[in-house]
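A short worksheet on the structure shown next.
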Amino acid sequence: MAPVQRIDGKAFAARMTTRIADEVRSLFDEAGLKPGLAVVLVGHDPASQVYVGAKHKATIAAGMKSFEHRLPAETSEDVLLGLIAQLNADPNVHGILVQLPLPAHLDASAVIAAIDPSKNVDGFHVVNAGQLATGQDALVPCTPLGCLFLLQDHLGDLSGLHAVIVGRSNIVGKPMAQLLLGANCTVTIAHSGSRDLPALCRTADILIAAVGRPEMIRGDWIKPGATVIDVGINRIPDGDSTRLVGDVAFAEAGHAGAITPVPGGVGPMTIACLLQNTLTAFRRKLP
Ligand code: GUN
């Protein structure tokens with residue numbers, strides 16, 4: 001059997017970012033306007049600080065305006081909602097992202113609901129989710145959108161393929177299911193409580209792992225030749241240090257048709273799709 005192919009999300013994301021930057025430049029030449037992305041971080045979660053820094057760098061590299069708001073962990077909901085109202089009203093801000101998780105005293109649902117859906121570049125607002133579920137033009141959550149792009153690039157037409165998604169989160173599992181249904185897949189959403197999960201996974205032509213448990217999906221859960229998309233980013237101890245692993249036991253997946261590595265697979269696509277969504281939100285506001 002042919003050796004497993006690595007799906008290079010880093011290279012794909014770099015090509016996407018170059019195309020977006022070209023488009024931003026020509027829109028600026030035509031209209032004299034630039035897309036702007038506001039990112040709000042509350043508190044000092046170390047992983048969130050890394051993500052927010054990476055988003056800022058990518059936004060600038062794409063020629064967009066980046067507005068960073070780093071607020072103390074004890075920020076009240078009123079203050080945060082006040083900032084969101086200000087960003088909703090600001091014509092220079094086309095995309096708004098509030099980094100999750102929020103400190104425990106803040107209600108993430110209320111905060112997400114306060115973001116204007118036309119600027120909600122995470123696609124987390126119930127209006128965005130409803131538009132996606134009913135097949136309307138929507139701002140789509142970045143991680144599942146990136147997974148769809150990688151699958152279409154690798155497999156072409158996805159019609160009729162059986163996709164099994166392990167994970168039912170609002171951020172990945174549920175929107176991933178909607179996107180794959182839209183691409184004419186047969187879709188199963190499974191989760192850690194599904195009965196005989198290994199057997200279910202073995203029926204997948206496309207296996208999406210989004211459970212957040214290091215290497216939970218073993219090699220013998222993967223059908224030979226299947227395409228595996230590993231959304232997990234888990235830091236585990238490794239001697240005196242740590243290393244990143246996905247939700248799939250990568251070393252056991254030699255019989256898959258293709259698999260995304262961790263790191264360098266889905267992760268870079270999330271940021272590229274955030275830029276794509278910001279550009280989409282900006283285009284929709286052009287006269
Ligand atoms: N935290 C981890 N991933 C994400 C994401 O895609 N968007 C936001 N807002 N927070 C996150």
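Numbers below:
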| read-out | value |
| --- | --- |
| Cα-based convex hull volume of the stretch 32-116 per residue, rounded to whole Å³ | 76 |
| Centre separation in Å (Cα based) which lies between the stretch 86-109 and the stretch 45-77 | 11 |
| Among Pro72, Pro175, Pro268, residue whose mean-square fluctuation peaks in a GNM of the chain (springs only between Cα atoms under 10 Å) | Pro72 |
| Where a label projected 7 Å from the Cα of His255 along Cα→Cβ would reach, residues of the stretch 194-229 with amide N under 17 Å | 198-207, 217-228 |
| Sorted by Cβ neighbour density within 10 Å, fewest at the top, the residues Glu215, Glu68, Glu74 | Glu74, Glu68, Glu215 |
| Helix runs (DSSP H) in the chain reaching 15 Å along axis by Cα, Kyte-Doolittle at least 0.0 | 46-61, 77-89, 142-155, 266-285 |
| Relative contact order (%) - criterion: Cα under 8 Å, at least six apart; region: the stretch 40-166 | 19 |
| Residues with amide H under 5 Å from that of Ser66, placed H, sequence gap 5 or more | Leu37 |
| Value of relative contact order over the chain, rounded to a whole percent, pairs C-alpha under 8 Å and six or more apart | 22 |
| Förster radius 30 Å - calculated FRET efficiency between Ala21 and Val50 (Cβ-Cβ, nearest 0.05) | 0.85 |
| GNM top mover of Ser109, Ser241, Ser66 - the chain, alpha-carbon springs below 10 Å | Ser241 |
| Residue among Ala138, Ala226, Ala110 with the largest mean-square fluctuation in a Gaussian network model of the chain, springs linking Cα atoms under 10 Å | Ala110 |
| The stretch 114-224: relative contact order in percent, alpha carbon pairs under 8 Å with at least 6 residues between | 23 |
| Free-standing Cys, the chain [no other Cys Cβ under 4.7 Å] | Cys147, Cys185, Cys201 |
| Anchor Lys10: lysines whose Cα lies under 17 Å away (excluding residues fewer than 8 positions away in-chain) | Lys55, Lys57 |
| Gyration tensor verdict on the chain (Cα atoms; rounded if a/c is under 1.5, prolate if a/b is larger than b/c, oblate otherwise) | prolate |
| Spatial separation of Cα centroids for the stretch 145-215 and the stretch 3-36, in angstrom | 25 |
| Within the stretch 32-61: backbone nitrogen closer than 11 Å to the Arg235 label point (7 Å, Cα to C-beta) | 45-51 |
| Label-point gap, in nm, between Thr186 and Phe28 - each point 7 angstrom along Cα→Cβ | 5.0 |
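Just so you know, all these numbers are worked out from the coordinates, no wet-lab data involved. Just so you know, these numbers come straight off a predicted model, no measurement behind them. Cβ: placed from backbone, ideal geometry, glycine included. Neighbour counts: every protein chain shown.
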